[in-house]
Each structure stands twice: as C-alpha cells, then as structure tokens.
Amino acid sequence: MIDLSFLPESLRRQLADVGQVDVLVGIPSYNNARTIGHVVRAVQGGLARHFPEQRALLVNSDGGSTDGTPDVVRQASIASFETILAAHPLRAVHRIVTPYHGIPGKGSALRTVFAAAAVTGAKACAVVDSDLRSITPEWIELLLEPVLVQGLDFIAPLYHRHKYDGTITNSIVYPLTRALYGARVRQPIGGDFGFSGRLAEHYLTHDVWSSDVARYGIDIWMTTTAITGGYKIGQSFLGAKIHDAKDPSVDLSAMLMQVTGAVLSLMGVHAARWREVRASHPVPVFGFEYAVGLEPVPVNLARMLERFRTGARELGEIWQHTLHPATAREIAAVAAASDEEFAFPPALWVRTMYDFAVAHQHGRLNREHLLRSLTPLYLGRTAAFVVQTRESGAEEVEQILEELCLQFEREKPYLLERWDETGGGR
Amino acid sequence: MTATFTERLIGSLNAFFETVLHFLPGLLAAILILLLGLLVGWVLKTLVSRLLRVARFDRACDSNGITQVLDRADIRTPPSTLVGKGLFWLVFASFAMAGLSALHVGFVNQLIAEFFFYLPRVLSALLVLLVGFLLANFLSRAALLSAVNAGLPSPRLIALVVKLLILVLSFAMALEQLRIATSIVLAAFIIAFGAVMFGLALAFGLGGREVAKRALERQLDTRNDEAADGFSHL
C-alpha cells in the first residue's frame with residue numbers, strides 16, 4: 001500500500017486537475033535559476049518532438065529556492081517550436097511547480113515526483129538534474145522511450161566523460177555496484193534516470209524518506225533498488241554531461257563520505273542478495289554512441305600525493321581498526337615510495353575498499369570518522385590512476401577501469417571471508 | 001566490702017553480657033547483610049559483565065580508545081570485566097554500610113549517612129569523567145581527520161590540543177561535583193585555561209608568526225589550487 005499522505009493539498013488539487021498522463025518528467029531543484037530554464041526548455045522540446053501524442057506532465061520539485069527558480073520554471077518556454085519541430089505539438093505539456101515536503105535533499109524532491117507519477121498513472125517517467133548545461137531534447141527520448149516502448153523499468157544514463165571526471169564513480173561506485181549486484185551499470189549515480197510507473201510505485205513502498213537516502217543517497221538507492229528488485233534495466237547514451245560548477249564549499253571529504261556511505265549502507269541492506277552473485281553481466285545500451293570533445297581537466301598531482309602521505313603518516317591508528325594488517329602494511333609501503341615509482345595497485349585498492357565495507361558494516365568505528373579516513377586513500381588511488389593514464393586515450397582508460405572492475409569481482413571471496421569472519425553478515 | 005565487690009563484679013558482668021547480648025543480633029545481622037552483599041554483588045557482576053560482552057562493549061571501548069588508555073596504565077582486564085568488578089565493589093560497599101548500620105553505633109551511623117549522601121556525587125563525577133573522556137576521543141579524532149583532509153600543518157598537534165582541553169574541562173567538572181576545594185579548582189581551571197589559550201595565541205602570533213603566515217598562505221593557495229583543479233569526483 002502506498003502512503004501519499006505526505007503530499008500537500010495544493011499539489012493534490014493540481015494533480016487532480018491534470019488527470020491521467022502517459023509520461024512525466026521530474027526536475028528536482030534548489031537555487032538553480034541560472035540553469036533550470038535551459039533544462040525546462042530541453043524537456044519541453046523533447047516531449048513535443050518525441051512524444052507529441054502522449055499526455056505529458058513536467059513536475060518541478062523545489063527545495064525552497066530563494067533565487068527565483070520556481071519563477072524561471074513557470075516562465076521558461078520555447079519561443080518557436082518551428083526551430084525543433086516540423087509541426088506544432090498536438091498536446092500542451094502540463095507543468096506543476098511545487099515545493100517538496102520532508103527533510104531537505106534530492107531524495108525528498110524525487111519522492112514527490114514518484115508520488116505525482118503514482119497519482120497521474122504515468123507509464124514512463126524521467127528525472128533530470130536542474131544544473132545541466134548539456135541536456136538536449138534527445139535526452140528525454142532516450143530516457144523515456146525504452147520504458148514506454150520497449151517495456152524496460154529503469155534506464156540509467158551513459159555519458160562520455162573526461163578520464164578524470166567522476167573519479168568516485170569510476171574507482172568506487174561503479175566497480176563496487178557491479179561486483180556486488182552483477183549488473184554493469186556504468187553510471188549508477190548519474191542523476192538522470194528513466195523509470196516505469198510501476199517502479200515509481202515500488203520506490204514509494206520503501207520507508208527510507210527520513211534517512212540519508214532522502215538527503216543525498218537517492219541516485220544509488222534508485223539504481224540498487226531497481227537491480228535487486230529484479231526490474232528490467234538498461235542504459236541510454238546521452239553524450240557529454242556538463243553541469244553547473246559545484247558549490248566549492250562542499251569539500252571532497254564530505255562528498256566521498258556521503259556517496260560511499262550510501263553505497264556501503266545499501267550493501268548491508270542487500271547482503272543476502274549480493275552474497276549469491278558470482279559474476280557480472282552487461283546491461284543493454286540504447287542510443288547512438290559517438291565521440292565527444294571534452295575540455296581538458298587540470299590536475300594537481302603533487303597535492304594529491306601529499307594528502308595521501310599525510311594520511312598514511314597520521315591516520316595509522318584509525319586505519320588499524322579498519323584495514324587488514326597485510327593491507328595496512330602494503331599501504332605504508334606505497335606511501336613510502338618516491339613520486340617517480342608511485343603506484344597504488346588495483347588489487348590493493350580493492351582490498352582496501354572491501355576492508356572499509358566490512359568495517360562500515362561491523363561498526364567498530366564511528367561511521368563518519370571511518371568514511372572520512374578514506375579520503376587520503378582515495379586520493380592516493382586517484383593519484384596513481386592519473387600517473388597510469390597520463391598519456392592514455394579514452395578507450396585505454398576504459399580498459400583500465402574494466403580491469404579494476406574485474407579485480408573487484410575476482411576479490412569478492414576475500415570480501416565474503418572477511419564479512420563472515422567479523423560477523424558482518426550475520 | 002566483699003559483698004559490695006561481688007555485687008559490683010556480677011553487675012559489671014551482667015552489664016557486659018547484656019551489652020554483648022544486645023550487640024550480637026546486630027553483629028549477626030551485619031554479617032548476614034555482608035554475605036548477602038557478596039552474593040548480590042557477585043550475581044550482578046557476572047550478569048553485567050556477560051551482558052556487556054554480548055553487547056560488544058569491549059570492542060566499543062577498543063574503538064573509543066578506552067582500552068588503549070587502560071593498557072597504558074597496565075590494566076589488562078577487559079573493560080566489561082572491569083565494569084562488573086566496579087559494580088561488585090559498589091554493591092558490596094553499599095551492603096557493608098547497611099550492615100554497619102545494623103550495629104547501631106552512633107558514629108558509624110553518621111558515617112553511613114555521609115557515605116550515602118556522597119555516593120551520588122561520586123557516581124556523577126565518574127559519569128562526567130567517562131563522558132568527557134569519550135567526547136575528548138571523539139572530537140580529537142574528528143579534528144585529526146578534518147586537519148588531515150584539509151591539509152593543515154601538524155594535524156596530530158591540533159587533535160591533541162582538542163583532547164587536552166576537553167579532558168581538563170571534564171576533570172575540573174568532576175572535581176566540582178565531588179566538592180573538592182571547589183573555589184580553588186574553579187580558580188585554577190580559569191587561570192590554567194586562560195594561560196593555555198593566551199600562551200597559544202602568543203606562540204602562534206609571535207613565536208610562530210612565520211609559520212602562521214605560511215599556513216595561511218598555503219590555505220589560500222590550496223583554495224586557489226582547488227578552484228583550478230578540474231576534478232569532478234562524482
């Protein structure tokens with residue numbers, strides 16, 4: 001039974017006025033006035049061009065923006081449909097701008113979108129971030145069409161990104177999710193997803209809306225829930241992902257703690273499921289893949305190495321509660337190596353991550369402290385990756401990441417052994 | 001004269017026997033209460049130690065640094081056993097006081113009243129010390145991690161200062177609970193705390209002016225570097 005009592009009365013009335021729809025696009029936002037207009041226009045164009053005969057609804061779920069974001073959403077419109085369409089759209093896109101209720105975060109915003117989908121009986125839904133600069137009308141087709149026409153339940157995004165872009169995804173979230181649950185979803189926390197109405201309803205049956213999922217773990221939660229729920233999943237190639245510059249006050253350590261914490265918490269929830277998974281399988285890809293020109297990314301390698309070595313020097317006492325003694329010794333040896341010989345082998349990184357997963361589940365250390373102590377290690381691994389791929393092209397880098405993923409899969413018996421040894425799985 | 005002596009002797013002996021007879025039931029009751037205290041204390045000690053072991057109290061102490069502190073003091077007993085033993089002695093001491101009161105001796109009764117009046121203060125002082133110790137460990141670890149991740153110089157020193165400040169504060173609060181020379185403790189604490197802060201400010205501002213300058217410059221450079229660093233980690 002789905003509980004929709006959290007929906008405000010005003011939103012219920014608006015949804016009742018709209019009635020049944022076929023497709024729904026949700027845009028969570030918080031102070032995105034600079035970029036959301038472009039996103040709304042792209043969505044509007046995508047719906048008009050690719051779903052002209054479907055009843056469509058756009059829901060902006062806002063977290064109390066003070067920069068006029070809701071006004072931008074209300075006013076944004078394509079000046080002339082002739083620029084993108086051969087004919088004028090048959091149906092107007094309904095638009096609802098609503099504040100969400102619940103604890104602040106993208107999860108609460110998406111809960112409102114799921115509820116709107118359930119109330120309006122939407123068959124296919126998509127959510128896109130409000131800070132996107134590279135979104136085009138085709139994104140809407142690529143996220144909705146596999147659900148509406150092919151009958152899939154969950155579509156994850158597939159982007160072309162610079163080799164140094166999304167390093168947390170590449171070195172932790174993707175390989176870990178793939179090794180645990182067996183599905184090769186390349187961008188599990190991409191932020192832009194397509195999903196079926198029935199999956200939206202399934203999301204609403206979970207009671208996670210007062211937890212960290214509602215704050216910052218919604219992306220990985222949606223992906224993991226879709227995989228573990230046995231839903232039909234796919235990926236759509238969307239091209240390049242360029243978004244507004246992030247708030248510089250959000251530091252790496254906090255970001256890493258939030259993302260990794262969400263993955264590891266889900267690992268505890270789905271332990272029975274991932275224990276049985278022995279290998280990974282590819283996930284169908286939709287869309288036409290093409291090469292994308294990407295801006296070069298400046299890297300401060302010296303600072304990364306310095307932070308890693310400082311961590312190795314100062315955090316030994318904390319790591320001793322987390323790492324296997326053999327892993328701790330290897331890390332100490334890595335830290336002692338010169339810049340020229342610096343390397344953080346994939347096998348060592350995998351065992352480090354598995355040790356952290358066990359420690360996170362086992363609860364010997366305060367979880368926030370545990371995850372914050374991962375930052376220097378992550379920087380060490382990232383520095384090694386930069387050194388290794390300095391001269392590599394996109395394909396070669398992808399091959400290196402594939403090798404890392406396989407290493408995560410090969411070392412899974414080590415995880416199981418440690419998980420059981422310390423009582424994490426019982 | 002003989003009669004008087006005999007009468008006096010018999011009288012004294014009677015009085016002695018009367019006193020003994022009057023005292024004996026109390027003594028017996030005191031011994032029984034002591035034995036009961038031993039039994040209740042032992043049962044509670046065993047029960048609490050086992051419960052704490054099941055609740056992984058030893059591991060929690062290990063991760064909170066309590067075991068390490070005990071190790072340094074050459075106390076190798078597991079914390080769960082230690083708490084059990086502490087509880088045993090507390091229960092036994094309480095029963096012992098109750099047993100002594102059964103003797104109906106004036107000054108002992110007064111002592112017991114003072115003991116039970118003071119006991120809550122001892123317990124709250126112990127609690128203050130324990131909370132202070134846990135808080136000091138937690139916050140010093142948080143400070144260490146923040147300093148390492150922010151690339152600040154001497155992260156361990158920062159963590160140590162945080163820990164010492166909280167420990168000194170909790171120690172002063174515990175002494176205040178025990179009403180031990182409260183005014184002296186308060187004055188000493190204010191003077192010591194102020195002196196430490198003033199000393200740190202002077203050391204940082206004068207002695208370590210160059211270090212402070214370099215640290216601030218490095219922080220600003222770091223911010224610039226971070227702005228220039230194009231890494232998008234997610």
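Every number here is computed from the coordinates shown, using simple stated rules; none is lab data. Remember, it's a predicted structure, so these values are computed and weren't measured experimentally. Using ideal geometry, Cβ is built from the backbone for each residue, glycine included, and neighbour counts are taken over all protein chains shown.
Taken one residue at a time, the phi angles of the stretch A:176-184 give Karplus couplings (6.51, -1.76, 1.60, θ = phi - 60°) of 5, 4, 5, 5, 6, 9, x, 9, 8 Hz. Gly and Pro are set to x.
Sorted ascending by nearby beta carbons within 10 Å, beginning with the fewest, B:V148, A:V119 become A:V119, B:V148.
What is the order of A:H360, A:H101, fewest Cβ neighbours within 10 Å to most? Intermediate results must be reported in sequence, preceding the final value.
On the way: A:H360 23, A:H101 14.
Ascending number of Cβ neighbours within 10 Å: A:H101, A:H360.
Rounded to the nearest 20 debye, the dipole magnitude of the protein assembly as shown is 1380 debye, with +1 charges on Lys and Arg beta carbons, -1 on Asp and Glu beta carbons, and the Cα centre as origin. For the peptide A:312-321, the mean number of other protein chain Cβ atoms found within 10 angstrom of a residue's Cβ is 3.
What is the dipole size for the stretch B:1-104, taken about its Cα centre, with +1 at each Lys and Arg Cβ and -1 at each Asp and Glu Cβ, in debye to the nearest 20?
On the way: 9 positive and 6 negative charges, 106 e Å.
That gives a dipole near 520 debye.
Under a Gaussian network description of chain B, with springs only between Cα atoms under 10 Å, the residue in B:G26, B:G65, B:G11 that fluctuates furthest is B:G11.
When a/c reaches 1.5 or more, the comparison of a/b and b/c decides; with that in mind, is the protein assembly as shown rounded, prolate or oblate per its Cα gyration tensor? Prolate, since a/c reaches 1.5 and a/b exceeds b/c. Principal-axis analysis of the Cα atoms of chain A puts helix A:137-148 at an angle of about 90° to the longest axis.
Between B:R179 and B:S146, residue separation times 0.36 nm minus the direct Cα-Cα distance comes to 8.1 nm. Hey, got a sec? Which chymotrypsin sites (Phe, Trp or Tyr not before Pro) in the stretch A:183-290 land in a DSSP loop and have at most 10 other Cβ atoms within 10 Å? Taking the stretch A:183-290 and a limit of 10 other Cβ atoms within 10 Å, the loop chymotrypsin sites (Phe, Trp or Tyr not before Pro) found are A:F288, A:Y290.
For chain B, the relative contact order is 16 percent, taking Cα pairs closer than 8 Å that sit 6 or more residues apart in sequence and dividing their mean separation by the residue count. Taking amide H as placed 1.01 Å from N in the peptide plane, A:H243 has its amide H under 5 Å from the amide H of A:R133, each at least 5 places away in sequence or on another chain. Within a straight-line Cα-Cα reach of under 26 Å, B:K85 can be paired with the following lysines, leaving aside sequence neighbours fewer than 8 residues apart in one chain: B:K45. Computed from backbone phi, the HN-Hα couplings of the stretch B:5-10 come to 4, 4, 4, 5, 4, 5 Hz, rounded to whole numbers (Karplus: 6.51 cos²θ - 1.76 cosθ + 1.60, θ = phi - 60°; Gly and Pro given as x). Of the trypsin sites (Lys or Arg not before Pro) in the stretch A:132-170, the ones in a loop by DSSP (not H, G, I, E or B) with at most 16 other beta carbons within 10 Å are A:R133. With R₀ set to 22 Å, the beta-carbon distance separating A:S392 from A:H324 gives a calculated FRET efficiency near 0.10.
How big is the charge dipole of the stretch A:211-337 about its Cα centre, in debye rounded to the nearest 20, if each Lys and Arg gets +1 on its Cβ and each Asp and Glu gets -1 on its Cβ?
Working: 12 positive and 12 negative charges, 72 e Å.
The dipole magnitude comes to about 340 debye.
Inter-label distance, B:L202 to A:R74: 6.3 nm, where each label sits 7 Å from its Cα along the C-beta direction. Per-residue mean of foreign Cβ neighbours for B:53-64 is 2 (Cβ atoms of other chains, 10 Å radius). For A:S236, the residues whose amide H sits under 5 Å from its own are A:A156, A:L158, A:F286, ignoring neighbours fewer than 5 places away on the same chain, with H placed 1.01 Å from N. Among the GluC sites (Glu not before Pro) found in the stretch A:199-297, those both in a DSSP coil and sparsely packed, with 11 or fewer other Cβ atoms within 10 Å of their Cβ, are A:E276, A:E289.
For chain B, find the longest principal axis of its Cα atoms and tell me its angle to the long axis of helix B:209-228, 0 to 90°, nearest 10. Compared with the principal axis, the helix lies near 60 degrees. Computed from Cα positions, the angle between helix A:33-50 and the longest principal axis of chain A comes to roughly 60 degrees.
Taking amide hydrogens as placed 1.01 Å from N in the peptide plane, the amide H of A:G26 sits under 5 Å from those of A:V59, A:A126, A:V127, A:V128, each at least 5 positions away in sequence or on another chain. Using C-alpha pairs below 8 Å separated by at least 6 residues, the relative contact order for the stretch A:1-150 is 38 percent.
Bridges between two residues of chain A, per DSSP, are antiparallel at a rate of about 20%. Shown is the FRET efficiency for B:L87 and A:E368, computed with R0 = 30 Å from the Cβ-Cβ distance and rounded to the nearest 0.05: 0.40. Cross-link partners for B:K163 among the lysines, with Cα-Cα distance under 17 Å and sequence neighbours closer than 8 places in the same chain left out, do not exist in this structure. Here the contact order of chain A, divided by its residue count and restricted to Cα pairs under 8 Å and six or more residues apart, works out to 16 percent. Counts of other chain beta carbons within 10 angstrom of each beta carbon in peptide B:137-148 average 5. Between the stretch A:209-281 and the stretch A:352-424, what's the alpha-carbon centroid distance in Å? Cα centroid to Cα centroid, the span is 15 Å.
Helix-derived [θ] at 222 nm for chain A: sum -39500 (n - 2.57) over DSSP H runs of at least 4, divide by residue count, nearest 500?
Values: 18 runs with 207 residues, N = 426.
The per-residue figure over chain A is -15000 deg cm²/dmol.
Give the total of Lys-Lys pairs in chain A with Cα-Cα distances below 23 Å; include a pair only if its members are 8 or more places apart or on different chains. Intermediate results must be reported in sequence, preceding the final value.
Details: A:K106/A:K123; A:K106/A:K241; A:K106/A:K246; A:K123/A:K232; A:K163/A:K241; A:K163/A:K246.
Lysine pair count for chain A: 6.
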